[in-house]
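Novice: Just passing along the structure, written as structure tokens.
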Amino acid sequence: MVMLCFLLDLRTLSPPLLRDLKQSLLQLANFYAISSPRGHKSTAKSKSLLDKIGLCYVFRNRISCSTDMKVAYRPSGSFSLRDFHHAVNNLPTDAFLPELNNNITISCSDAHLEAVLSDKVLYSWGGDNEDVGRKVIVISSCLVENLDSLAKKTLMDAADKCVSVDFVLMEQMSNGVGAFSESINNFVKNICDLENCSFRNHLPDAKVLCTLVKQWLNDLRDEAEELQGRLKFKRNILGSLNQICCNLIPSFNPIIDEFEPCQVCRCHGYPLDDEHGKKMMKSTCPVTGNELGTLDLVANSLKVGNQTVLLMPSFHYYEKLQNVTAPVDFNVIERTNLGSLSEGLIVGTPFVVVPSTSNELDDTDQTELNNQVFQGLCSALHSLDQGLVCSSRCNTETMRETPFQCYYILLPTNNGVMLLRRLAGSEEVIPIADVSRSLDFTEAKDIRESVKASLLEIEVKDYNPIPHERGFHQKLTVLVKESLHFGSLPTKSEELPPEPTSTQVITLNESGPLKQSTGILAFKEEIPQLDLKSGQDKITARITEEWEQLVVNEIPNIKSPTCVSTQKLDNLVILPLESNKLLDEKTSRILERLEIPRKLKAKVASPVITSSSTPVDACMLTKKPLIPFQPTQNSVIGSVASQPMKPNFQRLKRKK
């Protein structure tokens with residue numbers, strides 16, 4: 001985490017250069033406003049963004065004719081995007097001195113480094129947070145003369161406080177090349193012994209300014225430890241070395257797709273949502289927790305990223321973006337050579353593009369013509385080794401419209417289809433450091449040859465994804481097998497109304513659970529184990545109560561057949577009953593309820609005739625009544641006797 005302090009020498013910056021620098025500073029603030037902490041060590045989510053940008057400038061006072069330094073924006077607490085924009089837009093535009101345009105150097109005292117590197121300015125920013133580093137970025141079109149003893153002491157004290165100073169020189173095209181180079185060499189010699197100082201000179205064009213903004217943004221962002229990796233080889237790549245250590249740096253930084261409307265509390269300006277971004281049910285202040293009334297809310301606000309809120313006027317209306325509706329328009333901008341396209345700029349999910357066969361092309365001739373034109377385009381691009389750069393208002397990653405442009409590359413193939421890949425925009429590109437400048441290729445020639453020889457020993461193949469499985473299927477199969485050792489859980493019943501055409505089946509299997517079935521509804525109820533010490537009366541009362549609830553209190557539907565398999569009937573548990581015990585009143589009611597009405601005895605005893613020409617349901621051939629009857633000699637499949645089997649309820653004998 002680094003706090004940046006920009007020191008602009010407005011005396012040396014021409015109006016066109018100052019205009020471009022102001023846009024670069026505004027761009028930096030906008031990107032910082034939507035930034036989020038990166039890295040695996042980022043933990044707590046703050047409601048506001050830490051203010052880490054300061055802005056100072058040097059100008060000539062027209063009244064006293066002296067050179068002064070003024071603080072335009074002082075970081076304090078939470079970052080205010082509106083206040084920073086206001087400070088940058090109000091930088092003096094008449095501070096440029098044309099007489100300095102031909103000068104190469106300026107006085108060291110006029111740079112006001114001592115005023116910035118003091119307790120009143122830089123050292124008072126950031127509080128007592130020792131984790132916050134500080135960097136001063138001096139931007140000028142003139143070099144500082146030889147550093148005097150006071151300036152060197154100031155810079156050395158800054159080094160003790162972990163403050164770095166970066167001198168950025170914007171070269172003027174009118175200056176002589178020879179004299180300018182000599183002055184640069186002299187200045188570099190003056191600061192070479194100061195480890196906290198650096199120097200860079202640039203031509204002030206759009207590409208350079210964009211690169212500087214990305215570098216400054218990387219300094220502002222909360223960076224955790226870099227992700228480190230190792231390339232491990234099966235054989236030694238050089239001598240006894242079989243691995244190469246490296247750092248992994250992202251090349252793409254996605255931006256937001258929209259600004260979300262929100263409500264904020266008027267007291268602190270915080271949005272009324274929870275840590276997951278969901279709107280809270282009650283209007284309470286996120287800081288104090290106090291309930292908020294209508295006048296305590298600012299309803300017309302916009303959320304920029306996760307930690308920045310803009311209060312909008314009442315007349316502002318922002319329409320929430322909708323999902324994309326077909327067809328999606330991709331506007332062709334230009335052709336590009338695929339050989340010059342960096343792979344780091346291609347991001348997102350690839351889409352296979354084939355000619356359309358939708359109903360929009362009703363005419364068969366139009367469909368055929370569309371197909372032929374598509375094949376011709378693919379073939380032409382493939383022969384030229386080129387692709388088409390397109391723009392769209394659709395983000396294919398989220399399938400939503402966006403107010404910002406999204407760029408895509410249409411890549412041809414040799415099999416008649418094309419691939420659509422998203423391209424990173426200028427705001428999303430992260431500069432890649434050029435590490436080749438620090439290497440001495442003359443000394444590393446022998447190493448390169450040895451590494452190349454070892455590399456040629458590695459087997460070369462065309463990549464085929466079939467043998468390169470990630471192992472999802474195997475891993476999940478192992479987990480399921482381990483889960484089976486846990487055992488089965490009781491099935492949860494669904495509260496559905498009983499169907500009028502179904503009857504209930506009660507089975508008591510050998511394992512003990514009671515199962516009730518109503519066609520599509522099934523659930524199990526565990527019967528507690530019988531305790532012989534609890535007494536015979538308790539057991540009989542329990543069983544009688546269940547039969548009374550399931551049989552006596554139920555209103556049967558005689559029109560619904562019941563399908564009971566023979567296996568379930570065999571598993572029916574019949575408790576033996578002592579012959580000398582009289583049936584109580586409740587058991588008699590159960591038997592009366594199980595008795596088949598006399599009018600239905602003849603129908604029940606009649607055989608079921610099936611025809612070979614009519615298909616018969618397999619379940620209908622095995623349907624039997626709830627309590628099996630004794631079959632007669634003249635009955636066929638489905639016939640039963642007229643007398644029901646009486647259930648026996650035995651009282652278990654007490655062990656002696």
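The values are calculated or read from the model by the stated rules, or taken from the named source; none is laboratory data. On a predicted model such as this, the values are computed, not experimentally measured, just so you know. Here the Cβ positions follow ideal geometry from the backbone for every residue, glycine too, while neighbour counts run over all protein chains shown. Only protein heavy atoms, including side chains, enter the accessible area calculation; ligands, DNA and RNA are left aside. Shrake-Rupley method; radii C 1.70, N 1.55, O 1.52, S 1.80 Å.
Novice: Do we find a residue being loosely packed, with under 13 Cβ neighbours inside 10 Å and modelled with pLDDT of 85 or more anywhere in the range 209-227?
Specialist: no
Let's see how each residue does on (1) in a helix (DSSP H, G or I); (2) at pLDDT 80 or above:
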site	(1), (2)
408	no, yes
415	no, yes
420	no, yes
441	no, no
475	yes, yes
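Novice: Then there's this: Residue 386: in contact with a Ser or Thr (Cβ under 8 Å, 6 or more places away or on another chain) and either modelled with pLDDT of 80 or more or closer than 20 Å to residue 266 by Cβ (or both), yes or no?
Specialist: Answer is yes for this residue.
Novice: Filtering the range 118-137 down to residues that are in contact with a Leu (Cβ under 9 Å, 6 or more places away or on another chain) and among the β-branched types (Val, Ile, Thr), which residue is surrounded by the most Cβ atoms within 10 Å (Cβ to Cβ)?
Specialist: 136
Novice: Turning to a different aspect of this structure: Considering each residue of the range 228-248, count those that are surrounded by fewer than 12 Cβ atoms within 10 Å (Cβ to Cβ), in contact (Cβ under 8 Å) with a residue 60 or more places away in the chain and touching a strand residue (DSSP E or B) at 6+ places or on another chain (Cβ under 8 Å), and give that number.
Specialist: The number of residues fulfilling the criteria is 0.
Novice: Same structure, new question: Across the range 94-117, what is the total count of residues that are of a type outside the set (A, V, I, L, M), part of a loop (DSSP other than H, G, I, E, B) and either touching a residue at least 12 places away in the same chain (Cβ under 8 Å) or open to solvent by less than 50 Å² (accessible area, probe 1.4 Å) (or both)?
Specialist: So the count comes out to 7.
For (1) assigned to a helix (DSSP H, G or I); (2) modelled with pLDDT of 95 or more; (3) under 34 Å from the mean Cα position of the chain (by Cα); (4) surrounded by 18 or more Cβ atoms within 10 Å (Cβ to Cβ), each residue gets a yes or a no:
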| residue | (1), (2), (3), (4) |
| --- | --- |
| 361 | no, no, no, no |
| 368 | yes, no, no, no |
| 373 | yes, no, no, no |
| 425 | no, no, yes, no |
| 437 | yes, no, no, no |
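Novice: Sticking with this one: Would you mention how many residues in the range 57-93 are over 24 Å from residue 2 (Cα atoms), assigned to a strand (DSSP E or B) and not hydroxyl-bearing (Ser, Thr, Tyr)?
Specialist: Final tally of qualifying residues: 3.
Novice: Within the range 21-42, take every residue that is modelled with pLDDT of 90 or more and open to solvent by 40 Å² or more (accessible area, probe 1.4 Å) and give me the one that is nearest to residue 8 (Cα to Cα).
Specialist: Restricting to residues being modelled with pLDDT of 90 or more and open to solvent by 40 Å² or more (accessible area, probe 1.4 Å), the top hit is 23.
Novice: Give me the residue from the range 69-90 that is charged (D, E, K, R) and in contact (Cβ under 8 Å) with a residue 40 or more places away in the chain and, out of that set, nearest to residue 134 (Cα to Cα).
Specialist: Ranking the qualifying residues of the range 69-90, first place goes to 74.
Novice: Report every pair of residues separated by at least 6 positions or lying on different chains whose Cβ atoms are under 6 Å apart, first residue within the range 371-399 and over 19 Å from residue 352 (Cβ atoms) and in contact (Cβ under 8 Å) with a residue 40 or more places away in the chain, second open to solvent by less than 50 Å² (accessible area, probe 1.4 Å) and part of a helix (DSSP H, G or I).
Specialist: 385/338
Novice: Moving to a separate point now. For residue 482, are the conditions met, namely being within 34 Å of the chain's Cα centre (by Cα), open to solvent by less than 90 Å² (accessible area, probe 1.4 Å) and at pLDDT below 90?
Specialist: On the way: within 34 Å of the chain's Cα centre (by Cα): yes; open to solvent by less than 90 Å² (accessible area, probe 1.4 Å): no; at pLDDT below 90: yes.
No, not satisfied.
Novice: Ok, one more. When the range 68-79 is examined, which residues are found to be open to solvent by less than 30 Å² (accessible area, probe 1.4 Å) and of a type outside the set (A, V, I, L, M, F, W, C)?
Specialist: We begin by selecting, within the range 68-79, every residue open to solvent by less than 30 Å² (accessible area, probe 1.4 Å); these are 73, 75, 79.
Within the range 68-79, 73, 75 meet the criteria.
Novice: Looking only at the range 1-32, count every residue that is in contact with a Phe, Trp or Tyr (Cβ under 7 Å, 6 or more places away or on another chain) and free of Cβ contacts under 8 Å to residues at least 24 places away in the same chain and tell me the total.
Specialist: 0
Novice: Scanning for something of a type in the set (Lys, Arg), open to solvent by 50 Å² or more (accessible area, probe 1.4 Å) and without any contact (Cβ under 8 Å) to a residue 12 or more places away in the chain, does the range 140-154 turn up at least one residue?
Specialist: Looking through the range 140-154, at least one residue is of a type in the set (Lys, Arg), open to solvent by 50 Å² or more (accessible area, probe 1.4 Å) and without any contact (Cβ under 8 Å) to a residue 12 or more places away in the chain.
Novice: How many of the residues making up the range 299-313 are among the small types (Gly, Ala, Ser) and either modelled with pLDDT of 80 or more or under 24 Å from the mean Cα position of the chain (by Cα) (or both)?
Specialist: The first filter runs over the range 299-313 and keeps only residues among the small types (Gly, Ala, Ser), leaving 299, 301, 305.
Restricting the remaining residues to those that are either modelled with pLDDT of 80 or more or under 24 Å from the mean Cα position of the chain (by Cα) (or both) gives 301, 305.
Final tally of qualifying residues: 2.
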